[in-house]
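Asks: A single structure is presented below for examination.
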Amino acid sequence: MNSSHEQILSAPEERGGQPTGLARLEAALIRHRGRVLLFVLLVAAVFRAVYFAQVSRTLGFARPMVDAMDYERMARGIVEGSWPGDSVFFVDPLYAYWIAGWRGLFGGGTSGILVGQMIVGTIGAGAMFVLASRFLRPAGALMAGLFAATYGALVFFEALELKTSLAVFGVTGFLLALVKARRSANAWSFVAGVVLGAGTLLRGNLLALGPLGALWLVFAGEGKGRWKRVAALCAGTLLALAPATVHNLRAGDLVLTTSNLGANLYTGNGAHNTTGSYVPPPGVRASPVFEEEDFRRLAEEAEGRELAPSEVSRHWVARTLAEAREDPGRVAQLLGKKALLFLNAVEIPDNESYGKTREEVAILRAPLPNFALLLVLAAAAVALIRWRPEHVLALGVFCIVGLTVTVFFVNARFRMTAVPGLILLAAALPEGIARVVSERRFVRGALAVVLAALALRVTTLDVYDVSTTMLDYNDAVLALEAGDLDRSLRSLERAIDEEPKNWRAEILRGDVLRRQGDFVAARRAFEHATQLAPRAGEAWVEFGLFLSVRGELWDAEQALTKALRLESTDPVDRERATLQLADVERRMEKLEAARSRLQAFLAERPRRAQGWYLLGRVELDAHEAETAEAALRRAVELKPKSTRFRAELADFLRRTGRREEAREQYRALLELDPTNESWQLFLTTLGG
């Protein structure tokens, strides 16, 4: 038994020389500490298993959306060797490596990643118990472990392909290593630094915990060598951050981790933001795929020159400060609102909603620990406990995370990294109550009641401007993927009712209506999207594609041409527009225009099979058999499993009397799709 436990156990009063019931209970908890740890781990594992079984039956389970899709893209790039390439990191990079590493070791899809995160979460609950046991009474340590084991929002994030739960685990690990470093050699300080650096590569604002850790080691550390421990902490942090910094230097810019500080600062504090949560500035698309590109484009337009990533970030920092100087009252009011949002009971959604999931998953509707409960308990504990350095550390973590989140913008997943500190404070309440009772400090008890009441009031303030537009849009996407067109349409109509200028929702609504066969209403939806966002290339591309499929070729040509003329059209949509416009021109018998367009496209992208296929179609219409065959063969060579490309080549060979070559292509087609009766008939006719 260590000295801290001996001091803690000496606190309960004895009556008539006999230990109280509380003392006996706590002595038993210490004697069987290993069993208590196993109990916490078991509760955490069972809770997660039940949640996983229930959430796996919901519509959106294990289907990457928005941020998760971007992490999947980056992870694939890591495996293929194409990411991060020669670009400075814009988003915290470690989570993409987690996905790629897990798949490399264990294989599997998204579900496997989520199981891995739940295993980490279970270990995190055990780590919380071990951490709390270092300075809390045994009952408080058990409470802390159970809070971490059954905290509903944390388990919710563990079952999402997001970095949130790993960042929470990182904060817990940092605290545990730091507390161990207080009385030990430099090794634990170094470990704390490495964990902090890794956490920073998951959530950049966690780097602000570094100065707190250093100060804590100086003022709370025991024995000699305090500054050596600080040096070890710094060395560990820098070692963990070094790969990202070195990569950025090789990419041509001095950036410690990521270049998104300025963009995030302006997102949360620009004049456009009145909610305190995530609101992208005008001209920035609400998708991680495009945010970096859009912020850079707008900054370069304002500066009139090309900018390095660090210069883009500085531009947005300067713009944020300039707008703050113009209207300091607005900024003060917004910061106050964000502080209240951070302390509010609502788990503010981003592209995933804890509240909506709670409606669908029964176990989340149980009376589980939540942010409001922990805040009320922690507020009471602050007035009652005998403060130790570890309490100060827990409070510091909560306050620093709160400050760094409030400076930017508030949502549930950003706030989650404050929860470990809050759990430790809330779990100190039993000790505080025992102290008040034993020492008869009833004034402190009254103060605790007042603070708890104030905390409860703050958590229930109506400060969140509820917006479900993005959530309804995401639900519509998931319903569409599942084939539930009616649900998808209902979700889109809710999104549009709340945000009538949501042109992306109008585009998706047009697609759903098209699939339902209501082409008139679908055309109106696509056209309305272009009216809402006349300079959005994506809207014109989607409208042009719809018109092309409907055979309205002249209107399709106009829409696709408009998309190509807009600078805002991103490369993917520009490619789609180019290929579709070439096909429209072919169908309008503008063969020379289509040929020129495709030749220019293929000169830049010679490995695009779709371009060669369309060029082959153009040459067929122009009766240029030799060039048509060459183009079709190139398309098949680039994409040999495409039945559409190979069928076009097979039909060409059959029509030109080249029976043996045609038979070869039809045999290959039947290997890809043995059930196709037309190909079987052609092969039989050709004597195959």
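Asks: Right, residue 81: surrounded by fewer than 17 Cβ atoms within 10 Å (Cβ to Cβ), in the same structural domain as residue 49 (by TED's automatic domain parsing), small (Gly, Ala, Ser) and touching a residue at least 12 places away in the same chain (Cβ under 8 Å) or not?
Replies: In short, no.
Asks: Let me ask another. In the same structural domain as residue 138 (by TED's automatic domain parsing) and not in a loop (DSSP other than H, G, I, E, B), is that true of residue 59? Give the steps one after another, and end with the answer.
Replies: Numbers: in the same structural domain as residue 138 (by TED's automatic domain parsing): yes; not in a loop (DSSP other than H, G, I, E, B): no.
No: the conditions fail for residue 59.
Asks: Looking at 675, 684, which one is of a type in the set (S, T, N, Q) and not in a helix (DSSP H, G or I)?
Replies: Matching residue, one of 675, 684: 675.
Asks: Which condition number in (1) in a helix (DSSP H, G or I); (2) surrounded by 24 or more Cβ atoms within 10 Å (Cβ to Cβ) is the one that residue 410 fails?
Replies: Here residue 410 clears every test but (1).
Asks: Report yes if residue 148 is among the small types (Gly, Ala, Ser), within 27 Å of residue 61 (Cα to Cα) and in contact with a Lys or Arg (Cβ under 6 Å, 6 or more places away or on another chain), otherwise no.
Replies: no
Asks: Residue pairs, Cβ under 9 Å, 6 or more apart or interchain, first in region 54-73 and at pLDDT 90 or above, second basic (Lys, Arg) and surrounded by 16 or more Cβ atoms within 10 Å (Cβ to Cβ). List them.
Replies: As it stands, the answer is 71/163, since those pairs meet every condition given.
Asks: Another question, if that's okay. If you take the residues of region 562-576 that are of a type outside the set (A, V, I, L, M, F, W, C) and closer than 21 Å to residue 295 by Cα, which of them is farthest from the chain's Cα centre (by Cα)?
Replies: If we take residues in region 562-576 being of a type outside the set (A, V, I, L, M, F, W, C) and closer than 21 Å to residue 295 by Cα, then 565 is farthest from the chain's Cα centre (by Cα).
Asks: Another question, if that's okay. Has region 463-472 got any residue that is crowded, with 19+ Cβ neighbours inside 10 Å, at pLDDT below 90, touching a Lys or Arg at 6+ places or on another chain (Cβ under 9 Å) and part of a helix (DSSP H, G or I)?
Replies: Yes, region 463-472 contains at least one residue that is crowded, with 19+ Cβ neighbours inside 10 Å, at pLDDT below 90, touching a Lys or Arg at 6+ places or on another chain (Cβ under 9 Å) and part of a helix (DSSP H, G or I).
Asks: Still on this structure, please answer the following. Taking into account only those residues within region 333-381 that are among the small types (Gly, Ala, Ser) and in a loop (DSSP other than H, G, I, E, B), which is surrounded by the most Cβ atoms within 10 Å (Cβ to Cβ)?
Replies: 353
Asks: Select from region 156-178 the residues that are part of a helix (DSSP H, G or I) and charged (D, E, K, R) and list them in ascending order.
Replies: Answer for region 156-178, where residues must be part of a helix (DSSP H, G or I) and charged (D, E, K, R): just 158.
Asks: Tell me, please, whether a residue that is hydroxyl-bearing (Ser, Thr, Tyr) and either closer than 27 Å to residue 387 by Cα or in a helix (DSSP H, G or I) (or both) can be found in region 84-92. Spell out the reasoning first.
Replies: Start the filter on region 84-92 by keeping residues that are hydroxyl-bearing (Ser, Thr, Tyr), which leaves 87.
Next, only the ones that are either closer than 27 Å to residue 387 by Cα or in a helix (DSSP H, G or I) (or both) stay: none.
No.
Asks: Within region 576-612, count every residue that is under 16 Å from residue 622 (Cβ atoms) and out of contact with any Asp or Glu (no Cβ under 8 Å at 6 or more places or on another chain).
Replies: Final tally of qualifying residues: 9.
Asks: Taking the stated definitions as given, is residue 593 over 35 Å from the mean Cα position of the chain (by Cα), surrounded by fewer than 23 Cβ atoms within 10 Å (Cβ to Cβ) and assigned to a helix (DSSP H, G or I)?
Replies: So residue 593 passes the test.
Asks: Related question: Can you pull out every residue in region 531-567 that is over 16 Å from residue 581 (Cβ atoms) and among the polar types (S, T, N, Q)?
Replies: Once the filter is applied, which keeps residues that are over 16 Å from residue 581 (Cβ atoms) and among the polar types (S, T, N, Q), region 531-567 yields only 531.
Asks: Scan region 320-340 and report the pairs whose first residue is touching a residue at least 40 places away in the same chain (Cβ under 8 Å) and whose second residue is among the aromatic types (Phe, Trp, Tyr), with Cβ atoms within less than 6 Å and a gap of 6+ or a chain change.
Replies: Listed by first residue and then by second, the contacts come to 320/266.
Asks: Which residue is surrounded by the most Cβ atoms within 10 Å (Cβ to Cβ), if the candidates are limited to region 133-155 and must be out of contact with any helix residue (DSSP H, G or I) (no Cβ under 6 Å at 6 or more places or on another chain) and not in a helix (DSSP H, G or I)?
Replies: Here the residue is 151.
Asks: Would you mind stating whether residue 53 is crowded, with 16+ Cβ neighbours inside 10 Å and either part of a helix (DSSP H, G or I) or of a type in the set (A, V, I, L, M, F, W, C) (or both)?
Replies: Values: crowded, with 16+ Cβ neighbours inside 10 Å: no; either part of a helix (DSSP H, G or I) or of a type in the set (A, V, I, L, M, F, W, C) (or both): yes.
Criteria not met by residue 53.
Asks: Further, regarding this structure: In this structure, is residue 521 assigned to a helix (DSSP H, G or I), surrounded by fewer than 24 Cβ atoms within 10 Å (Cβ to Cβ) and in contact with a Leu (Cβ under 7 Å, 6 or more places away or on another chain)?
Replies: So residue 521 passes the test.
Asks: Next up: Does residue 75 satisfy the condition of being crowded, with 20+ Cβ neighbours inside 10 Å, closer than 26 Å to residue 473 by Cβ, among the aliphatic types (A, V, I, L, M) and assigned by TED's automatic domain parsing to the domain that holds residue 364?
Replies: Taking the combined requirement at face value, the residue satisfies it.
Asks: Within region 530-541, is even one residue touching a residue at least 40 places away in the same chain (Cβ under 8 Å) and either among the basic types (Lys, Arg) or assigned to a helix (DSSP H, G or I) (or both)? Step through it out loud before you land on a result.
Replies: Taking region 530-541 as the starting set, the residues that turn out to be touching a residue at least 40 places away in the same chain (Cβ under 8 Å) are 537.
Those left that are additionally either among the basic types (Lys, Arg) or assigned to a helix (DSSP H, G or I) (or both): 537.
So far as region 530-541 goes, yes, one or more of its residues are touching a residue at least 40 places away in the same chain (Cβ under 8 Å) and either among the basic types (Lys, Arg) or assigned to a helix (DSSP H, G or I) (or both).
Asks: Among the listed residues 204, 221, 173, 225, which satisfies the condition of being buried (at least 22 other Cβ atoms within 10 Å of the Cβ) and in contact (Cβ under 8 Å) with a residue 24 or more places away in the chain?
Replies: The conditions single out 173.
Asks: Among the listed residues 455, 495, identify the single one that is buried (at least 19 other Cβ atoms within 10 Å of the Cβ) and touching a Ser or Thr at 6+ places or on another chain (Cβ under 6 Å). Steps first, please.
Replies: Values: 455 fails: touching a Ser or Thr at 6+ places or on another chain (Cβ under 6 Å).
Answer to the check: 495.
The values are calculated or read from the model by the stated rules, or taken from the named source; none is laboratory data. Remember, it's a predicted structure, so these values are computed and weren't measured experimentally. Don't worry about glycine lacking a Cβ; one is built from the backbone with ideal geometry, like all the others, and counts go over all protein chains shown.
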